[in-house]
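J.: One structure is given below, represented as structure tokens, and several questions about it will come after.
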Amino acid sequence: MCGIFGVLAGRPRAEEDLKREVLRGLDRIRHRGPDGSGLWVGPTRDVAFGHARLSVIDLTTGDQPMSCDDGRYTIVYNGEVYNYLELRDELGRDRFRTTSDTEVILRAFIRWGPDCVKHLRGMFAFAIWDAQEHRLFLARDRFGIKPLYWTLTPQGLYFASEMKALQPFLAQPRVNPAALSDYFSFQFCLGEKTLLDGVWQLPAAHHAMLSRGEAPQPQRYWEVHYDIDYGHSERWFTERLQELMDDSIRLHLRADVEVGSYVSGGVDSSLVAALARQANPEARFQGFNGRFTDGPEFDESHYARALADEQRMQLHVTDIGESDFVENIRKVIWHLDQPVAGPGSFPQYMVSRTVRQHVKVVLGGQGGDEIFGGYARYLVAYFEQCIKGAIEGTLHNGNYVVTYDSIIPNLETLRQYKPMIKEFWAEGLFEERDRRYWRLVNRANTFGDALARGAIDRDATFREFQKIFWGENVGKESYFDSMTHFDFKTLLPALLQVEDRMAMAHGVESRVPFLDHPLVEFAASVPADVKFRNGELKRLLKHVYAPKLPQAIRERKDKMGFPVPLTNWLRQKGPAVEFVRDLFGSRAARERSYLARPVDLDKVLSGQSVYSRNLWALLSLEIWHQAFIDKATS
């Protein structure tokens, strides 16, 4: 796990100029690699790479950038390839100079060219320079676990692990209006867009080959296909899931340093931690949890404690309070690169700081909700379909079996989601499925009159939503598959951004065993009837692994992610209130072009539930704007 930076100049330049630019970009992401750094300038003086290293595999000989024996190919790489040992054997173990996965990727590229990525299992973002063809190859893993951003300027192409490393090379940093429309709609950006105009991300599961002066033209090399397997029994799916999970856990535990695990108290992280613990029962295993000291509704540590006690794990619980928010929220947004998803990034930042005091590598449960169906809104959507189907007499059509009667016992899960249901049913009841799910995930309406006319291009954003929702790789028969697919392609990359940045802010490598592509391909093939029967969220996962989890975790129906008591703090008139009023009170904040009027904190609070995200969306955007736009142009 590392930070990478590179430049492909528009023309040959002085070697010192290239070094200076690489160091300038690398200095902004050294937190990603506190164990060392490296710099390489090509002999033609038009290409240069920089690398900040976090040593996890091959602690002594894996330095980067790394060139092959004859110097034709040079790689700079961030990530972990978990099947590197198997690939070493396939490529010829005797040829290797190091025991690093970096050299495995380099030799895989020499053997297979761009198709090398199809052989890799893991998380990665890398660049390879071909000195003979004078071409640059960029690639990113199948799920976007590891980041890769780029910008093309008159001076050349720059790429990096984080957007902030590219900021100094932008002539005039400004907000991308299309990305801002996405942000107000979903609290993340769709596709290649970022909030910084002119900065793009290489999409997950894509690579690009380019020459001097060219912009990357990403090509997809992998896709998840929802080709439903009706030929096997539920028992077969159960056994196959166990095989694939065990294999993924085995690979994700490969490291030359100790590995721990986040333990939130939910099913996904608890299952990952339990399986990892059982894979190596004699070794020490440490878990990490965070809790707010503001009441039981913001403290799930007792669930984590139940798991730790049952699995004989050492549990570290981080207490988080209002003062931590005031002291750290600007750091959180800076490390995020751009605000995404909800406020869970803040507590994850705090917990990751504790992680770094004990281990370098930590496992997490990201991906479980998207591939096995864990979000409450799926139940909300199906509840409406049950009513519609009961009225129209079409209840058993499609790739699911959910009836009005059978869904009732699972509706208790929605106890905390009554505001969502009220908003969902306020308009458009029984419309087409794409428009109904659009209403569930679209947050634009919840801002009321706070946003300026034109801040959101609803038609363009909806068209892009539809293209993903009705993807060619998803059958139109299953509502469940269409919903989970949209979240897999959009929300999951945003959550992985949080996972990566909040861990790497403290020099921690976060691994996500649910996102092993054989496991994801399997989950996409499982009939929705098996995954979501009777509206039970994550049904297959829970039924298979119930014996591995404490009763309190496997039976809970109140998991809310990582709720943050921000609204409570602001209503109590503590230090957070002063911070937020000062933030929105500046002249620049009051004149943002995307706001219809200055943010009225009292008005926003009056319309918010404890778990609402509107204030968080405006607050984190303002902090980002000050750090990435205002300071860069002042």
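The values are calculated or read from the model by the stated rules, or taken from the named source; none is laboratory data. These numbers were taken from a predicted model, which means no experiment stands behind them. With ideal geometry, Cβ positions are generated from the backbone for all residues, glycine too; neighbour counts draw on all protein chains shown. The protein model used for the area step is the full one, side chains on, heavy atoms only, and it has no ligands, DNA or RNA in it. Shrake-Rupley method; radii C 1.70, N 1.55, O 1.52, S 1.80 Å.
J.: What ranking, highest mean first, results for peptides 237-247, 365-375, 417-427 when packing means the other Cβ atoms within 10 Å averaged over each residue? Can you show the working numbers first?
T.: Working: 237-247: 16.1, 365-375: 23.8, 417-427: 13.9.
Answer by packing, highest mean first, reads 365-375, 237-247, 417-427.
J.: Another question about this same structure. Within the stretch 575-606, list the residues whose amide N lies under 12 Å from a label point set 7 Å along Cα→Cβ of Ala452.
T.: 589-598
J.: A follow-up question, please. May I ask which of Lys388/Lys476; Lys331/Lys360; Lys331/Lys573; Lys476/Lys548 have a Cα-Cα span longer than 27 Å here? If you can, show how the numbers build up before the last one.
T.: On the way: Lys388/Lys476 18 Å; Lys331/Lys360 20 Å; Lys331/Lys573 23 Å; Lys476/Lys548 35 Å.
Result: Lys476/Lys548 exceed 27 Å.
J.: Mind checking the per residue accessible area of the chain for me, 1.4 Å probe, whole number of Å²?
T.: Working: 23980 Å² over 634 residues.
About 38 Å² of surface per residue is accessible.
J.: Right, another one. Suppose R0 equals 30 Å. What FRET efficiency, 1/(1 + (r/R0)^6) with r the Cβ-Cβ distance, do Val257 and Ser67 give to the nearest 0.05? Write out the running numbers ahead of the final one.
T.: Details: r = 26 Å, r/R0 = 0.87.
The formula returns an efficiency of 0.70 here.
J.: Here's something else I'd like to know. Fully extended, how many nm does the chain gain between Arg556 and Glu86 (0.36 nm per residue separation, minus their Cα-Cα distance)? Mind showing how you got there, number by number?
T.: Values: separation 470, 0.36 × 470 = 169.20 nm, distance 4.00 nm.
Residue separation times 0.36 nm, minus the Cα-Cα distance, leaves 165.2 nm.
J.: Taking only the alpha carbons of the chain, what extent do you get along each of the three principal axes, in Å, biggest first?
T.: Principal-axis extents of the Cα atoms in the chain, largest first: 71, 61, 46 Å.
J.: Still on this structure: Computed FRET efficiency, Cβ-Cβ of Lys388 and Asp602, R0 35 Å: what is it to the nearest 0.05? Could you put the intermediate results ahead of the total?
T.: Numbers: r = 40 Å, r/R0 = 1.14.
About 0.30, to the nearest 0.05.
J.: Leaving out ligands, DNA and RNA, and with a 1.4 Å probe, what % of the accessible surface on the chain is carbon or sulfur?
T.: Numbers: 11090 of 23980 Å².
That share works out to 46 percent.
J.: In units of 2.2 N^0.38 Å, what is the alpha-carbon radius of gyration of the stretch 157-251?
T.: Values: Rg = 19.9 Å, N = 95, 2.2 N^0.38 = 12.4 Å.
Ratio of Rg to 2.2 N^0.38 Å for the stretch 157-251: 1.60.
J.: If you put +1 on each Lys and Arg Cβ and -1 on each Asp and Glu Cβ, how big is the dipole of the chain around its Cα centre, in Debye rounded to 20? Walk me through the numbers before you get to the answer.
T.: Details: 80 positive and 85 negative charges, 212 e Å.
I would put it at about 1020 debye.
J.: Over all directions, average the projected area of the Cα convex hull of the stretch 39-154 and note it in nm². Each step should come with its number before you reach the end.
T.: On the way: hull surface 29.9 nm².
Over every viewing direction, the Cα hull of the stretch 39-154 projects on average to 7.5 nm².
J.: Quick check: from the Cα gyration tensor, does the stretch 405-507 come out rounded (a/c under 1.5), prolate or oblate? Could the numbers behind the result be given before it?
T.: Working: a/c = 1.28, a/b = 1.16, b/c = 1.10.
In terms of gyration-tensor shape, rounded.
J.: Right, here's the next one. Please give the contour-minus-distance gain from Ala460 to Arg24: 0.36 nm per residue of separation, less the Cα-Cα distance, rounded to one decimal in nm.
T.: Numbers: separation 436, 0.36 × 436 = 156.96 nm, distance 3.70 nm.
Between Ala460 and Arg24, full extension yields an extra 153.3 nm.
J.: Here's a follow-up. Between Glu412 and Arg571, what length comes free when the chain is fully extended (0.36 nm per residue of separation minus the Cα-Cα distance, one decimal in nm)? Mind showing how you got there, number by number?
T.: On the way: separation 159, 0.36 × 159 = 57.24 nm, distance 2.86 nm.
So the chain would gain 54.4 nm between Glu412 and Arg571.
J.: Treating cross-link reach as a plain straight distance, find the lysines whose alpha-carbon is under 17 Å from the alpha-carbon of Lys193, omitting any fewer than eight places away in the same chain.
T.: Lys146, Lys164, Lys467, Lys489
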